[in-house]
1. Out of the residues in the stretch 270-315 meeting the condition of being surrounded by fewer than 18 Cβ atoms within 10 Å (Cβ to Cβ) and hydroxyl-bearing (Ser, Thr, Tyr), tell me which one is nearest to the chain's Cα centre (by Cα).
2. Do we find that Glu480 is surrounded by fewer than 17 Cβ atoms within 10 Å (Cβ to Cβ), assigned to a loop (DSSP other than H, G, I, E, B), over 25 Å from the mean Cα position of the chain (by Cα) and modelled with pLDDT of 90 or more in this structure?
3. Please enumerate the residues belonging to the stretch 135-151 that are under 23 Å from the mean Cα position of the chain (by Cα) and part of a helix (DSSP H, G or I).
4. Six or more apart or on different chains, Cβ atoms under 8 Å: show the pairs whose first residue is in the stretch 266-286 and touching a residue at least 12 places away in the same chain (Cβ under 8 Å) and whose second is of a type in the set (Lys, Arg) and crowded, with 24+ Cβ neighbours inside 10 Å.
5. State the number of residues belonging to the stretch 583-630 that are assigned to a strand (DSSP E or B), touching a Lys or Arg at 6+ places or on another chain (Cβ under 9 Å) and over 22 Å from Pro559 (Cα atoms).
6. Of all residues in the stretch 625-638, which are closer than 11 Å to Thr536 by Cβ and of a type in the set (A, V, I, L, M)?
7. Any residue in the stretch 308-319 that's under 14 Å from Leu274 (Cα atoms): show its pairings with residues that are in a helix (DSSP H, G or I) at Cβ separation under 6 Å, as long as the two are six or more apart or on different chains.
8. Which of the residues spanning the stretch 359-415 are assigned to a loop (DSSP other than H, G, I, E, B), open to solvent by 30 Å² or more (accessible area, probe 1.4 Å) and free of Cβ contacts under 8 Å to residues at least 40 places away in the same chain?
Amino acid sequence: MLAHPEQFSRLIDGPERIRESVQVSKPITGCPDGITKTVWDVLTRSAQLNPNGPLFGENVNGRHVFTTYREAIEEATIIGSGILATMQKLHSTNKLIGIAGIHSRNYMHTMHAISGFDLTTVPLYHQSKLETLCDIIDNCKLEIIFCENASRAEGFLSSKTPERLQTLKTLIILDKTTTLQKHDDVEIMSLDEFKEIGKKNKRNPVKPKPETIYVICHTSGTTGRPKGVEMSHGSLLAAVSGIFTSWTIAYKWKFGQEDTYFSFLSLAHIYEHLMQTLAIYFGGRIGIYDGNTATLIPQIQKLQPTIVSLVPRLLNKLYEAVHNGVAKKGFIARKLFEYAKRTKTRQLQNGVLRYDTFFDKIVFKKLKLMLGGKIKVLTTGGAPVTKEVKTFTRYAYGCPLVEGYGQTECSAAGTLTLPWDTTYGNVGGPAPWSQVKLVDVVEKNYMAVNDEGEVCFRGAALMTGYFQDPELTAKTIDSEGWLHTGDIGKWLPTGALQIIDRKNEMFKLCQGDFVSPIQIEAIYANSPLITQIYVTGNTERSFLVGIVVLDLPRFKQLPVVKALDGKEGIEVIMEKKEVKNTVIAELNKYAKENGLQTIELIRNVHLTLQEFSEENGLVTSTLKNRRKILEDYFAPQIAKMYKEIESL
């Protein structure tokens, strides 16, 4: 049984009402050992303690094959030597090195090679549009890029013009490509060929300093062009140490060489760097997802991880898959499952979190085995988790759910829910590294004296700044070192932080009511009928409308659709008024059951099967809606929806 915490944070004396973590006496600034200062230190420390232990594993013919810590250090040294030799050949002084594509053992060896030779990784997200990646390459003046495969490299080569990608000089292919095209201005080689250069010019690693920029993660945010967030070794380790302290020192959780982290998220996200570095600090191993969504669960089952990090959207899909499976079982099994859920939910409401009850052993054991059977903790972040899904996840898989809140700019984990927490409606308290305060947002009547306002972070895990953008950096981090997030928070009586609004993303309807589209979307998005939704409004109208991405199999199960299916094409069916009205009714019934008010319900919809993706530019790399771009992209459909309803 895990005790319920009375407080998540403590209030510091002073007019700013600053709060800190109750898990430490003062904010931490680095690793508890006092020696480990950089990501390279983390790797070499664990390699010294466990040289023959498995580290990076990828799926080969249905099972994960690992390189050891010793082998990873050797690979990184050879690749790093090759990078320095190539830079010398190019007469290059640019310390930024690109890596493009899905991660793999070779990707990770390369990433640590860059780190271990005092260089900086610039991840190029595999789901970003090619045009966006070219902007990043040009902005960072990248000369050397490692690509997952020849196809990725060819995309860059095809984009090279007298005005575009002029700095690009060397492409290295990470997979086992056999045929490589030639290019007049760019040298293209396989990783094996590149490693031969490293072996012939082998050097000792060049140890980075804590203030050296470890990675530049580009985040487009919800508004527009990519921003390069510069994260130093020291800052990332402060965030890593925050989780380490919260879990193992304050909470006494045991992690070590026997632990396995399932690496699902892209290394273009700081969240993944955070979790991988934590796993390496434990001395554990990292099993890499191979990118095949159809075999995601079987991969987890075979790997048997102890730590899994998933974005809320995947938690939603897991929840839906479990409940779809239960719906197909017999009457007694369904009733037992529902009774078990009610019992476990009541326990959570009473502050009890345990995994040794009758229902854990009989009903939920299969769900734990679905995730391998050894899982100790699930983590999530990047977007809100609905109450229904969060509650279920906390008890269903045999381990606590820890949620982090923050931004790339504060290493993704500025606040952490505590492992034993059973409450909902908050993102925990300050991480052990952070100070948090709320500042007045007068135009929305949020005042810090009332424990409401814009969330601001200060501490060792903040970014150094935005790459080559001092003006934006100064707007984001003020003269006293506070990072302004743009999120509106509220302190709860327990000292936990609740996110209640966005500073700039609410809009007013014509009757004067303000609505928060992000919170509304978070509710609708969990309806099994849809996969994504964009909700918008008009200051001259009194109601909201939505662009709805349908779950096609569920949509086809609606009686009104069944009656038309086969007689007309699906695109025609989606345009029919009676079909839209049915979808609106289903969605609004679900929304009202989950707490939305009448003013927050959508009155009209445009139905589509086109996914909002990073490739088409409609969502960010963390799957948040890019509101302005969605508004422009669907402008004709939005105008049509409002035209169809005459009332204001």
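1. Thr293
2. Here the answer is yes, as Glu480 does meet what is asked.
3. Listed by number, the residues that qualify are Asp135, Ile136, Ile137.
4. So the pair list comes out as Ala279/Arg285.
5. 1
6. Selection gives Leu630, Ala635, Ile638.
7. Ser309/Met275
8. none
The values are calculated or read from the model by the stated rules, or taken from the named source; none is laboratory data. As the structure is a prediction and not an experimental result, all values here were calculated from the model. All Cβ positions, glycine included, derive from the backbone under ideal geometry; neighbour counts span all protein chains shown. These area figures cover heavy atoms from the full protein model, side chains too; ligands, DNA and RNA do not enter into them. Shrake-Rupley method; radii C 1.70, N 1.55, O 1.52, S 1.80 Å.
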